[in-house]
Amino acid sequence: MKKILDNKKVIIFDLDGTLIDSVNMFNEIYSVMIKEITGKLIPVNQIQEDWDNFAHQNIPGDLYDNFLMYLDNKYSSETHNIEFLRKLYSEIEYRYVSQKIQYKEFAKDLVLKLKEKGYTLVLATLSPKNIIDIYNNINQKLIKEFKIYDMFDLILTYEDVTKKKPNPEIYLKVIEKLNVSKESCLIIEDSLEGVKAANNAGIEVLNVVDENMYKTQEIIDTLSTYKMNNLKDILQLLS
């Protein structure tokens, strides 16, 4: 299994669902938002299904604004303007991301070991920069493990790209900014869109299974270069 890391110098991590346990958390935030607007309690698995259906539509404009309006149109009997939806979502989101979110088990050990071994570490995420700032500066559960800005040599966020995964733009930008070969890189991803983006970039991808991706896991398996069940499995490659 060590061949996975043979000749690799750059390890590129996705964030949500890969290093942090956040997929269901964001689904819960959307669910709380809908309940505050409509009084309806939408299960988090339904929100995930809504996201999966929506994300494949490739609608022009801001991805997250569009999703807020999509949910509002689907579940609310009246249409709310985007400023109202953004404000409400942001207030709920802040409570969650500043206090509740945590790294996945063995995330700290893996990141520290890779750093110790001399790999260049990159974070390529569709999370906005302000959320990364909260993770790095405010969320004490994350800070006590490690600070994102201390560990990663390059961080690309939602604001750094115009096209979202499965478009390969974010990964191609990593190659460009670091001036490295694709062959020297390994991407670690959990989602179908992320694995597709890695494939579209022509870079090997290691899928770390996330239980929230169970509906697309069979497709993910066919598209991934490698697959592991958790971060501990990757850590064992370094021992």
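The values are calculated or read from the model by the stated rules, or taken from the named source; none is laboratory data. It should be emphasised that the depicted structure is a prediction, and the values quoted were computed from it without experimental measurement. With ideal geometry, Cβ positions are generated from the backbone for all residues, glycine too; neighbour counts draw on all protein chains shown.
List of remarks:
- Scanning the range 174-189 for residues that are in contact with an Asp or Glu (Cβ under 9 Å, 6 or more places away or on another chain), surrounded by fewer than 24 Cβ atoms within 10 Å (Cβ to Cβ) and among the acidic types (Asp, Glu) returns a single hit, GLU183.
- Screening ASP65, ASP72 for residues that are modelled with pLDDT of 95 or more, assigned to a helix (DSSP H, G or I) and of a type outside the set (Lys, Arg) leaves exactly one candidate, ASP72.
- Test for ASP72: is it surrounded by 13 or more Cβ atoms within 10 Å (Cβ to Cβ) and in contact with a His (Cβ under 6 Å, 6 or more places away or on another chain): yes
- The residue of the range 198-216 that is nearest to the chain's Cα centre (by Cα), among those that are in a helix (DSSP H, G or I) and surrounded by fewer than 17 Cβ atoms within 10 Å (Cβ to Cβ), is GLU211.
- Helices (runs of 4 or more DSSP H) lying entirely in the range 88-181 (those with 2 or more residues that are farther than 25 Å from MET33 by Cα and touching a residue at least 60 places away in the same chain (Cβ under 8 Å)): 107-116, 169-178
- Per the listing ILE138, ILE187, ILE170, ILE148, the residue uniquely modelled with pLDDT of 95 or more and within 21 Å of MET228 (Cβ to Cβ) is ILE187.
Residue by residue, here is whether (1) touching a Leu at 6+ places or on another chain (Cβ under 8 Å); (2) closer than 29 Å to LYS147 by Cβ holds:
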| position | (1), (2) |
| --- | --- |
| ASP6 | no, no |
| ASP21 | no, yes |
| LEU85 | yes, no |
| SER90 | no, yes |
| SER98 | no, yes |
| PHE106 | yes, yes |
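- Within the range 1-42, being assigned to a loop (DSSP other than H, G, I, E, B) and over 21 Å from the mean Cα position of the chain (by Cα) holds for MET1, ASP6, ASN7, LYS8, LYS9, GLY39, LYS40, LEU41, ILE42.
- Residues satisfying the criterion are present in the range 109-120 (criterion: loosely packed, with under 14 Cβ neighbours inside 10 Å and of a type in the set (Gly, Ala, Ser)).
- Among the candidates LYS104, LYS129, the residue that is within 24 Å of LEU192 (Cα to Cα), of a type in the set (D, E, K, R) and crowded, with 17+ Cβ neighbours inside 10 Å is uniquely LYS104.
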